[in-house]
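Okay, structure first, notes after.
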Amino acid sequence: MPTPISTSAAPTAVAGAAEARLFVHARLLTMCTGGIDGHDSIAAVDGRIAAIGGQAEIRRRFPDAEVVDLEGRLVTPGLIDCHTHIVYGGDRSAEMERRLAGESYESIARAGGGILSTAAATARLTESELAATALPRIDALLADGVTTLEIKSGYGLELEVELRCLRAAHRIATLRPLSVSATYLAAHVVPPQFPGGSDGYVEQICSQYLPAVAASGLADAVDAYCETIAFSVDQVARVFERARDLRLPVKLHADQLCNMHGAALAARFGALSADHLEFTDAAGVAALARAGTVAVLLPGAFYFLRQQQAPPVRALRQAGVPMAIASDCNPGTSPMSSLLAAMNLAAVEFGLSTEECLAGVTREAARALGVLADRGSIEVGKSCDLAVWNVEQPAALVYSLGSRPLLQRVWRGCPLPAPAAPAAPAAPAAPTVSDR
Ligand code: DI6
Ligand code: FE
């Protein structure tokens with residue numbers, strides 16, 4: 001058995017990967033070839049995959065390396081959750097009761113609930129409190145084999161709180177061994193009584209917020225929420241033009257609740273991804289295919305909102321649009337911190353094959369984050385991020401719910417045990433001025 005290393009240790013404590021480490025006797029699902037790879041061993045040097053081959057050859061090439069015997073276990077690339085809103089304050093469980101009593105998500109949002117209520121609770125927390133409250137959700141994702149996580153801001157609304165949320169996202173990467181991609185969700189909802197209304201807010205985002213976020217270096221991409229209850233195509237286009245000027249890649253919440261032609265808008269700006277897509281039409285699918293934009297499917301939100309119309313998976317597949325799957329972990333529409341559950345929902349509710357589900361949380365999720373050259377498959381030169389599973393068949397990862405099949409994560413070449421059940425939220429640290 002591999003040596004357990006506490007997952008609660010800071011990455012610096014586990015990053016001693018300067019020497020080579022061999023992972024031998026594995027069944028490798030590399031996500032490069034169709035099935036299990038003929039080779040059974042990986043050499044990691046400085047956290048990167050230096051070689052893949054048969055055990056004898058790999059041991060001969062790296063005679064002094066530490067050896068981790070995986071005892072014939074199934075090994076996939078570490079999973080990648082490419083769409084989450086995991087950093088937020090407050091609790092929206094009462095909203096579920098309203099929805100069960102017949103109120104719609106849109107009407108709750110229009111009545112000042114929804115995103116606005118989370119924004120108010122988020123603004124009350126410090127950076128360290130925001131990171132601490134996210135940790136139980138993060139730990140649940142790590143227990144599913146996640147090694148890379150996208151975290152959006154978007155519940156801050158005002159610049160100062162948005163930056164605080166982005167800093168909290170980066171702080172999480174110092175508290176747990178995982179890679180974080182941070183996204184500035186610039187246009188999520190208009191703050192109450194904002195002077196000039198939604199156009200005034202968009203103007204503020206373009207003239208002040210986006211340049212400040214770009215200068216901060218805290219965001220890897222810019223996102224927006226294109227819906228009748230949020231921002232129009234024209235408004236999002238203004239945000240995306242500014243992001244393009246600032247050389248920040250874009251992605252979009254598109255066509256979730258109605259067909260706003262968000263997929264075509266995302267494609268027009270060469271977006272990394274267009275996410276949700278329940279109401280995307282044939283023209284939108286064709287535009288995504290031409291642009292090479294990834295379709296990120298979010299079945300947790302579809303399920304939680306009890307939507308009837310699934311994304312056009314068959315058309316996306318036929319057009320060759322890459323499909324990723326993510327948890328969309330957020331307090332309003334997808335209070336779900338399980339990527340394995342998202343895979344199951346994508347198969348059952350959207351009809352994805354088990355192979356598409358596995359690609360959707362590895363290779364295609366890496367593509368959606370623009371990190372495919374570094375992660376998403378088991379290939380020489382990529383980061384040695386792996387998930388080691390206690391299952392016989394890859395399909396078993398999609399098939400069951402709640403079975404906790406992870407044996408071990410490997411992040412940047414360092415073996416880590418599967419985290420135990422998430423701990424209770426840590427007591428937030430006392431706020432300090434510098435912390436805000
Ligand atoms: N992502 C979002 O930003 C919205 N829905 C989604 O899938 C709103 C989330 C919320 O209600 O807080
Ligand atoms: Fe979302």
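Tabulated results
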quantity	calculated
Per-selection Kirkwood Rh - the stretch 378-423 (Cα, Å, 1 d.p.)	12.0 Å
Debye equation applied to the C-alpha atoms of the stretch 45-142, log10 I(q)/I(0) at 0.16 Å⁻¹	-0.84
Rounded tilt (10° steps) of 114-123 against the dominant C-alpha axis of the chain	70 degrees
Residue with peak Gaussian network fluctuation, the chain [Cα springs, cutoff 10 Å], from 403, 334, 179	403
Between the stretch 347-406 and the stretch 78-116, the alpha-carbon center distance in angstrom	27 Å
Equivalent ellipsoid dimensions for the chain as semi-axes, Å, which come from the Cα gyration tensor, largest first	35, 24, 20
The stretch 162-198: trypsin sites (Lys or Arg not before Pro) falling in loop per DSSP and having at most 16 other Cβ within 10 Å	none
Antiparallel bridge percentage (DSSP; both residues within the chain; nearest 5)	40 percent
Considering only the stretch 30-155, percent of DSSP beta bridges that pair antiparallel, nearest 5	60 percent
Test item: Cα-centred dipole of the chain, Lys/Arg +1 and Asp/Glu -1 on Cβ, debye	360 debye
Stokes-Einstein D for the stretch 211-271, Kirkwood Rh over Cα pairs, 25 °C, 0.890 mPa s (µm²/s)	210 µm²/s
GNM top mover of 277, 79, 159 - the chain, alpha-carbon springs below 10 Å	159
Radius of gyration and maximum dimension Dmax of the stretch 236-388, Cα, Å	14.9, 44
Simple spin-label estimate for residue 193 and residue 290 in nanometres, 7 Å along Cα-Cβ	4.6 nm
Carbon/sulfur fraction of accessible area - the chain, other protein chains in place, 1.4 Å, %	53 percent
Pairwise centroid distance, computed over Cα atoms, of the stretch 210-244 with the stretch 37-64, Å	43 Å
Bridge type composition, the stretch 252-399 - antiparallel percent by DSSP, nearest 5	10 percent
Whole-Å semi-axes of the ellipsoid equivalent to the stretch 143-202 (Cα gyration tensor, √5λ, descending)	29, 11, 7
Nearest-ten-degree value, helix 127-142 long axis tilted from longest Cα axis of the chain	50 degrees
Average projection area in nm² (convex hull over Cα atoms of the stretch 302-386, one quarter of hull surface)	6.2 nm²
Relative contact order of the stretch 330-415, defined on C-alpha pairs under 8 angstrom at six or more residues apart (%)	27 percent
Dimensionless Rg ratio for the stretch 248-320, taking C-alpha atoms and the 2.2 N^0.38 Å reference	0.99
Accessible area in the full protein assembly, largest first, 1.4 Å probe, for 174, 362	174, 362
For the chain, the longest site-free run once GluC sites (Glu not before Pro) in DSSP loop states with at most 13 other Cβ atoms within 10 Å are removed	20-391
Accessible area per residue, Å², the stretch 200-344 with all protein chains present, probe 1.4 Å	34 Å²
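The values are calculated or read from the model by the stated rules, or taken from the named source; none is laboratory data. Bear in mind that the values here come from a model prediction, so they are computed numbers and not experimental data. Reconstructed Cβ throughout: ideal geometry from the backbone, glycine too, with neighbour counts over all protein chains shown. Keep in mind that these areas ignore ligands, DNA and RNA; they rest on the heavy atoms of the full protein, side chains included. Shrake-Rupley method; radii C 1.70, N 1.55, O 1.52, S 1.80 Å.
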